[in-house]
Amino acid sequence: MRMVDIILKKRRGLELSSEEIDFFVQGYTHDKIPDYQAAAFLMAAFFQGFSPRETGDLTISMARSGDQADLSGIPGIKVDKHSTGGVGDKVTLIVGPLVAAAGVPVAKMSGRGLGHTGGTIDKLESIPGFKVTMDNQSFLEQVRNLKLAVVAQTGQLAPADKKLYALRDVTATVESIPLIAASVMSKKIAAGADAIVLDVKVGSGAFMKNPSDAFSLARTMVEIGHRLGRQTVALITDMDQPLGFAIGNALEVKEAIETLRDNGPADLKEICICLGCEMLGLAGIEKDQLAARRKLEDLLKSGAALNKLKEFVQAQGGNPQVVDHFDLLPQASDIHQVTALTDGYVREIQSEQVGLAAMWLGAGRATKESVIDLAVGVVLRKKVGDFVNKGEVIAELHVNENKEITKVADMLRQAYVLQREPVEAKDILLGKVTKEDL
Ligand code: URA
């Protein structure tokens with residue numbers, strides 16, 4: 001087999017065989033195919049696309065390019081959850097303990113943040129002592145005993161995706177639905193869960209800027225999951241404003257704890273309940289959505305979900321007292337208030353701008369090597385639909401020795417899109433894709 005023939009075949013829009021796709025994926029991963037041929041192939045694929053069968057084959061080849069977790073020693077249906085990336089998205093910190101308290105085994109591998117979106121692993125590391133690595137046996141044992149463990153994804157999980165993603169990033173081939181779908185699903189398949197719940201974000205701060213692309217990505221991923229024998233459901237959720245109020249690592253941990261106390265922001269709670277209901281359904285614990293919702297509400301009200309968080313934090317070496325004493329989390333030295341320059345109703349809060357503002361304060365990484373400040377970030381004081389008076393506080397900046405407060409405050413003011421007329425409330429859940437919708 002020759003790579004040049006595979007490039008030519010894809011350039012002509014012909015369907016590739018499973019062997020040809022695997023030849024490309026394994027060859028590129030093991031440095032047998034040079035960057036220039038891989039780049040040409042990606043560009044041909046970008047324009048010609050892939051059939052559902054080709055997309056499934058690409059996914060499985062990438063999943064098999066490195067380590068594959070074996071969760072078969074854990075009883076029950078293991079359910080994973082994945083978000084395509086949002087601003088203020090601390091959902092895993094809430095949904096993990098919540099569904100684990102309902103009996104769903106969650107063995108999760110998460111990533112770090114890059115750019116304007118945060119990563120679960122960075123957030124967890126703001127809890128003093130919390131360890132995000134452990135050996136495989138301890139990981140499986142913790143899930144067996146506690147129903148919940150979260151560790152940092154290693155470079156050995158789908159290394160083909162890691163290498164291809166870096167190449168896509170510099171060859172203008174990221175925004176391809178089959179390539180994104182295969183990239184996300186290869187990591188989920190390699191992480192070993194039996195069932196997958198996807199949160200596909202749509203809006204200014206998300207990969208998918210419009211609902212039609214978001215539904216198309218969701219359908220492609222659900223189809224891959226079912227092709228590869230994993231029950232998969234995708235929810236399409238709104239990202240026309242950050243999720244909750246807090247953006248920044250320790251600030252988001254606090255908000256997650258408040259949500260587990262049933263005292264969190266309405267949008268964040270709703271998305272956690274919606275995802276949690278799907279996870280309970282796929283795990284076979286509660287298929288009836290209304291009953292699942294009631295169960296999750298009860299676990300929040302009774303304190304059982306919060307208690308699960310404490311056990312989880314303790315099991316991974318963290319200080320469980322943070323749950324009752326927020327002052328044990330990293331704290332910024334100053335809080336700077338950002339006030340509105342005009343009156344109006346909030347129509348949109350451009351998530352990407354808010355994420356970038358938090359990054360400027362040090363909460364996110366500009367490059368993989370950047371060191372982040374776990375204490376800093378942004379707390380929004382107004383959300384979509386609220387009325388803002390000129391001079392009123394719209395957000396707070398939690399800062400440490402930052403010299404660019406004026407610039408960051410301006411970024412936040414620009415992120416708030418105000419209008420004269422009242423704004424109608426929009427549901428956070430925009431739709432759902434299951435196997436039946438394919
Ligand atoms: N997230 C991924 O993991 N892969 C993509 O290609 C895009 C977003």
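Using a basic spin-label model with each label point 7 Å from the Cα along Cα→Cβ, how many nm lie between THR171 and PHE326?
4.7 nm
Can you say what percent of the DSSP beta bridges in the chain, counting only those with both residues inside, are antiparallel? Round to 5.
55 percent
Filter the trypsin sites (Lys or Arg not before Pro) in segment 180-247 down to the DSSP loop ones having no more than 15 other Cβ atoms within 10 Å, then list what survives.
LYS209
Considering only protein heavy atoms and a probe of 1.4 Å, how much of the accessible area of segment 166-281 is carbon and sulfur, as a whole percent?
50 percent
Roughly what percent of Cα-Cα pairs across segment 3-63 reach past 17 Å?
In whole percent, the long-distance tail amounts to 30.
Name the chymotrypsin sites (Phe, Trp or Tyr not before Pro) in segment 135-234 that are in a loop by DSSP and that have at most 16 other C-beta atoms within 10 Å, would you?
Filter output for segment 135-234: empty list.
In degrees from 0 to 90, rounded to the nearest 10, what is the angle of the helix 405-415 Cα long axis to the longest principal axis of the chain?
Once rounded, one gets 70 degrees.
If I model the chain as equal point scatterers sitting on the Cα atoms and use the Debye formula, what is log10 I(q)/I(0) at q = 0.06, 0.09, 0.13 Å⁻¹?
The calculated log intensity ratios at q = 0.06, 0.09, 0.13 Å⁻¹ are -0.25, -0.57, -1.18.
Calculated FRET efficiency, ILE405 and LYS383, Cβ-Cβ r, R0 22 Å, to nearest 0.05?
My answer for the efficiency is 0.45.
Between THR367 and HIS30, 0.36 nm times their residue separation minus their Cα-Cα distance comes to what?
118.8 nm
For n ≥ 4 DSSP H runs only, could you compute -39500 (n - 2.57) per run for the chain, divide by its residues and tell me the 222 nm figure to the nearest 500?
Here the helix-only value at 222 nm equals -14000 deg cm²/dmol.
In debye to the nearest 20, how big a dipole does the chain give about its Cα centre with +1 on each Lys and Arg Cβ and -1 on each Asp and Glu Cβ?
I would put it at about 540 debye.
Taking a 24 Å limit on the Cα-Cα distance, which of the listed pairs LYS108/LYS254; LYS123/LYS209; LYS269/LYS295 fall beyond it?
The answer is LYS123/LYS209.
How large is the accessible surface per residue of segment 181-221, computed with a 1.4 Å probe and reported in Å² as a whole number?
23 Å²
Where the only charges are on Cβ atoms (+1 Lys, Arg; -1 Asp, Glu), what is the dipole of segment 1-138 about its Cα centre, to the nearest 20 debye?
My answer is approximately 300 debye.
At 1.4 Å probe radius, can you tell me the per residue accessible area of segment 323-438 in Å²?
So segment 323-438 comes to 55 Å² accessible per residue, rounded to a whole number.
The values are calculated or read from the model by the stated rules, or taken from the named source; none is laboratory data. Small disclaimer: the values here were computed from a predicted structure and weren't measured. So basically every Cβ, Gly included, is an ideal-geometry build from the backbone, and we count neighbours across all protein chains shown. Surface accessibility is based on the protein's heavy atoms, side chains included, excluding ligands, DNA and RNA. Shrake-Rupley method; radii C 1.70, N 1.55, O 1.52, S 1.80 Å.
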